[in-house]
Amino acid sequence: MIKKIIKKIYKKIIYGYKSSSKSYIKYLKKIGILIGKNVTFYEPNTNYIDTQKPWLIEIGNNVEITRGVVIITHDYAWSVIKQLNGKIVGSRGKVTIGNNVFIGINTVILQGVTIGNNVIIGANTLVNKDIPDNSIAAGNPCKIISSVDQYIVKREKKQILEAKEMFLEYYKRYEKIPPKEVFDEFFWLFETRKQKKLPKEYIEKIKLTGNKEKTEKMFLKDNPYFDGYSKFVEYCLEGEKM
């Protein structure tokens, strides 16, 4: 506990208002940036948010902003024009980020861009144009690669293979069956809905993004892919020579 307190104080001294998501958001709101509820900057000391004209940035609710994300509302390339002919040709644009948005690592969002609701942006993406609602975007420059509905179907299929890979790598490394608690992102696949008390690792995931009740209802309503953890273990070990 004491180590955590010391670490928190140290970060505050080194990074100031960028020492935590809460303090960074408080600062950004204070200078005039509109920010909704349940917004998270995971590593605010790595983020650059253009604060020169703070009223040109608006961030909605439930937005996850990861490491190295940059948001820019200006372009100083007109300095070249000024050198050539002496003219000042201004360049500014509002950036709007909707609700329920995930922004991947090292994404750069340029001026004049609107990102819609229910959007996922892949890592290292250059957002130089509007992204519509319910879209997955990635690339440099960004491209719309699928809808959210298509992405959900893809992820639900792929997560089974990823869970199996995670299982097998654990088994090879430690030469034993992994405890089910390590599958805190995959418990939906095998955990019985009759369970009276879930492991704390699962409960933490259920609480994420501020919609705990909705997730609990869906968990009880949705059927698991495997009939218990033992069946999941059988699936993972099937055909494997250990």
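The values are calculated or read from the model by the stated rules, or taken from the named source; none is laboratory data. Note that the coordinates shown come from a computational prediction; the quantities given were computed from them, not determined experimentally. Note: ideal-geometry Cβ built from the backbone for every residue, glycine included; neighbour counts use all protein chains shown. Note: accessible area is taken over every heavy atom of the protein model, side chains too, but ligands, DNA and RNA are not part of it. Shrake-Rupley method; radii C 1.70, N 1.55, O 1.52, S 1.80 Å.
If you check G93, G68, G139, which single one turns out to be touching a Gly at 6+ places or on another chain (Cβ under 7 Å) and either at positive phi or not charged (D, E, K, R) (or both)? So that I can check it myself, show each step before the final result.
Working: G68 fails: touching a Gly at 6+ places or on another chain (Cβ under 7 Å); G139 fails: touching a Gly at 6+ places or on another chain (Cβ under 7 Å).
Just a single option satisfies the conditions, and that option is G93.
Quick check on this structure: which one of R193, R173 is in contact with a Leu (Cβ under 6 Å, 6 or more places away or on another chain) and not small (G, A, S)?
Just a single option satisfies the conditions, and that option is R193.
Test of understanding: among Y17, Y24, which residue is on the phi < 0 side of the Ramachandran plot, modelled with pLDDT under 95 and in contact with a helix residue (DSSP H, G or I) (Cβ under 7 Å, 6 or more places away or on another chain)? Talk me through it step by step, then tell me what you get.
Details: Y24 fails: modelled with pLDDT under 95.
Answer to the check: Y17.
Name the residues in segment 125-140 that are open to solvent by 40 Å² or more (accessible area, probe 1.4 Å) and either touching a residue at least 24 places away in the same chain (Cβ under 8 Å) or over 15 Å from I105 (Cα atoms) (or both), would you? Please lay out each step first, then the result.
Residues of segment 125-140 that are open to solvent by 40 Å² or more (accessible area, probe 1.4 Å), as a first pass: 126, 128-130, 132-134, 140.
Within segment 125-140, N128, K129, D130, P132, D133, N134 meet the criteria.
Check K29 against each of (1) under 23 Å from N106 (Cβ atoms); (2) touching a strand residue (DSSP E or B) at 6+ places or on another chain (Cβ under 7 Å) and name the one condition it does not meet.
Single failed check for K29: (1).
Out of Y151, Y171, I need the residue that is under 27 Å from Y42 (Cα atoms), touching a residue at least 12 places away in the same chain (Cβ under 8 Å), part of a helix (DSSP H, G or I) and open to solvent by 50 Å² or more (accessible area, probe 1.4 Å). Which one?
Exactly one residue qualifies, and that residue is Y151.
Residues that are loosely packed, with under 15 Cβ neighbours inside 10 Å and of a type in the set (A, V, I, L, M): find the helices (runs of 4 or more DSSP H) completely inside segment 199-240 holding 2 or more of those.
212-221
Within the bounds of segment 70-91, is there any residue that is closer than 22 Å to T209 by Cβ and without any contact (Cβ under 8 Å) to a residue 60 or more places away in the chain? Explain how you work it out, then say what you get.
Of segment 70-91, the ones closer than 22 Å to T209 by Cβ are 71.
When the remaining residues are screened for being without any contact (Cβ under 8 Å) to a residue 60 or more places away in the chain, the result is 71.
Checked segment 70-91: at least one residue is closer than 22 Å to T209 by Cβ and without any contact (Cβ under 8 Å) to a residue 60 or more places away in the chain.
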